[in-house]
Amino acid sequence: MNGAKLGVLALLAGTAAIYGCTSDTTASNALTHSAHVAATAVMPATTVENFLLVDANFEAHELYRLADAKAVVIVTQSNGDAVTRSLAPQLKALKAAYAGKGVQFMMLNSNLKDSQQAILAEGAKAGYDTPILMDSYQLVGESLGVTRSAEVIVINPKTWAVAFRGSLADASTAKALDALSAGQSVSMAAAATSKGAAIDFPARAQKMQLTYVKDVAPILEAKCVACHEEGGIGPFAMKDYATVKGFSPMIREVIRTDRMPPFHSDPHVGKFSNDRRLTPDETKTLVHWIDQGAARGEGADPLGSKHLVAVEWPLGKPDIVLEVPNYTIPATGVVDYQHPWVANPLTQGKWLKASTIKVDARQAVHHVLTGFMNDAPKEGQPAFENRWGASVGSYAVGAESEVAPDDAGTYIPPGGAIGFQNHYTPFGKEVTEHTKIGLYFYKPGETPDIVMHNAQIVNNAIVLPPNDGHHQEVAYMEFPKDALLYSAFPHAHYRATSSDLWIQYPDGKKKLLLTLPRYDFGWQGHYNFAEPIKVPAGSKLIAHYVYDNSKSNPHNPDASKTVVWGDQSWEEMFFTRIRYRWMEETSKHLVNYDEALQGGMLIGMLDADMDGKIEKSELKSESQIGTMLLKNWDAIDKNHDGVIDKDELAVATKMMFGQRRRQAAAATPTAAPTAGGK
């Protein structure tokens, strides 16, 4: 055994004496906890089911994504526990000793009284260098049979069995890790029991039998059936008790891994008017009902007594339905973005309030974007995005309708045309897609006061190194005038794992507005703020994306490739769409600040340290825009100070995009401009 290992064992063994001098609070908690355990007969888990939890820094951790690890170590934690705090150096040493041996460490906080901010502060104070997962609903702690902090649970990822369980202070932990690291089974006597603080799990003491009829069906009808009904976008219809019970293991799995319901912002950050999440009580009710055996209960079946069928138009009958030209999607191969268009049938201008895009082949339609054009293209010509104005709606799985806030709308003039950007993905079967878009207008004589705008925080200079499991990219957009932010729509592809949106005020202070700890490519949509966010002039909206370009990402098409921006799903994107209004603008007093806002897009894309200028080290030669700027650096850097400032970049942007427009006029473009890509 090497010296480092001996040091770890000595540190662990030397802490055993602490258990003879616990604080009065800890001792009192221990007595109370002993009685509670005796009353509820907590049984330690022998195997561990998959779960996803977010740590106090809003990073997601899914257990089964660690299948390639040699071992997974979970250490239970509770704020204020002197035992766990005192063992922080031992945990740090243990983690360091196995850093290169494929062992993954995490801490688990299942204490109901500990908030996210308190856990973050506790981690900093105690010096923990291991992520602390927030088990806010206690579902993971319950299933593991957790009773105390400072307990170690060692999991074998080959079988997901609990290979060892004991006290963090017990030297046997290292022996168990040695065996698993060497591919051997763990065989040892029962380890010492943790003397950390007791953690109360109120649900263990509850004897109430949950039933489908009384407790579960009302939750499903309120939160799930809108998608899980006949003709809905869910994979099965929750039509009766037998069906729900049959799918109950899957329901439990998708709840524990936070895949359903499909609203992925973290509940600790922000409030949203379109929040589709289950409440904590609803979540626990569903999981506990399944754990208890999914009993039916007495009485009529609340779902079986109804025939729930998805309506064609969820917002009601549209004022106008536009039919997009049919497109036959092949069974295999690559389909370039399609850009059809339809003539605008309006003979007089109207204010658009809402829209719904209805597709036939959900498996094949990745997204649909739209844009109004003052002049219709010639027959047979595509409607590329460089001709677009206002959006009249968009589609992605889970986001078929867009509804403007009260007293807000988008003005659609008469004539012209509506252009589309359609992204189709073959799925093994040839299908013909016939997309329709339903438009809903304000009534004649009604004029909304608020004018809505759309913009994108984009970074098409992203470069993802191969085999990088945690690669971060950043971009920002600076607002030239006071605005109100209404919603955000994060979008990337298969390698994206998380996304967030911050505001940085002119005085430098920052606030987190939205965080998606686990980005889900299969479910996308707007996150509508319950109260619009004030964006003072000079503020920056900052977006971060984290990408997993490693083999640990089950959705990664190829971990060995360097990945850059691209339209297709096996390429990657960085695209956060925002909806906002200018504070001083009304429908009777229009302003033109969007040009200034969009003028800062390029520097926000390339200025990684957000100091208002671009250095050569911030440019990536693997990206097209990086190569272009590096090639022309001396010509763009007019004052030769070694950086490109906003004014110099503005001149270069006009030159580059002016050249692109001239080229586009001379030849039919072969790819969508990045500003419209999605």
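The values are calculated or read from the model by the stated rules, or taken from the named source; none is laboratory data. Just so it is clear, the structure is predicted and the values come from calculations on it, not from any experiment. Methodologically, a virtual Cβ is constructed for each residue, glycine included, from the backbone with ideal geometry; neighbour enumeration extends over all protein chains shown. What goes into the accessible areas is simple: the full protein's heavy atoms, side chains included, and nothing from ligands, DNA or RNA. Shrake-Rupley method; radii C 1.70, N 1.55, O 1.52, S 1.80 Å.
Observations on the model:
- Other residues with beta-carbon under 10 Å from the beta-carbon of residue 547 carry, at +1 per Lys or Arg and -1 per Asp or Glu, a net charge of -3.
- Degrees separating the helix 3-14 axis from the principal Cα axis of the chain, which is the longest one: 60 degrees
- Area accessible to solvent at residue 628, 1.4 Å probe radius, in Å²: 70 Å²
- Length-normalised contact order for the stretch 520-587 - Cα pairs under 8 Å, 6+ apart - percent: 15 percent
- Entries of 95/125; 223/540; 92/551; 92/540; 113/175; 95/613 with Cα pairs more than 30 Å apart: 223/540; 92/540; 113/175; 95/613
- Atom-type composition of the exposed protein surface of the chain places 53 percent of the accessible area on carbon and sulfur (1.4 angstrom probe).
- For the chain: relative contact order, % (alpha-carbon pairs under 8 angstrom, 6 or more apart): 11 percent
- Debye intensity ratio in log₁₀ form over the Cα atoms of the chain, taken at each q of 0.06, 0.09, 0.11 Å⁻¹: -0.41, -0.90, -1.24
- In terms of packing, defined here as the mean over residues of other Cβ atoms within 10 angstrom, the peptides 236-246, 66-76 line up highest first as 66-76, 236-246.
- Solvent exposure of the stretch 92-179, expressed per residue, is 34 Å² of accessible area, with all protein chains present and a 1.4 angstrom probe.
- Solvent exposure, largest accessible area first (probe 1.4 Å, DNA, RNA and ligands not counted), of 313, 633: 313, 633
- P(r) histogram, all alpha-carbon pairs of the stretch 434-502 included - 10 Å bins from 0, percent: 11, 33, 25, 21, 7, 2
- Zero-based 5 Å bins, Cα pair distances in the stretch 47-202, whole percents: 2, 10, 21, 24, 23, 15, 5, 1, 0
- Taking 14 Å as the straight-line reach from the Cα of residue 101, the aspartates and glutamates in range (excluding those fewer than 8 positions away in the same chain) are 68, 178.
- Neighbours of residue 597 by Cβ distance under 11 Å: Lys/Arg scored +1, Asp/Glu scored -1, total -2.
- With all protein chains modelled, accessible area of residue 160 [1.4 Å, Å²]: 40 Å²
- Seen from residue 147, the other residues with C-beta closer than 10 Å to its C-beta sum to a net charge of 0, counting Lys and Arg as +1 and Asp and Glu as -1.
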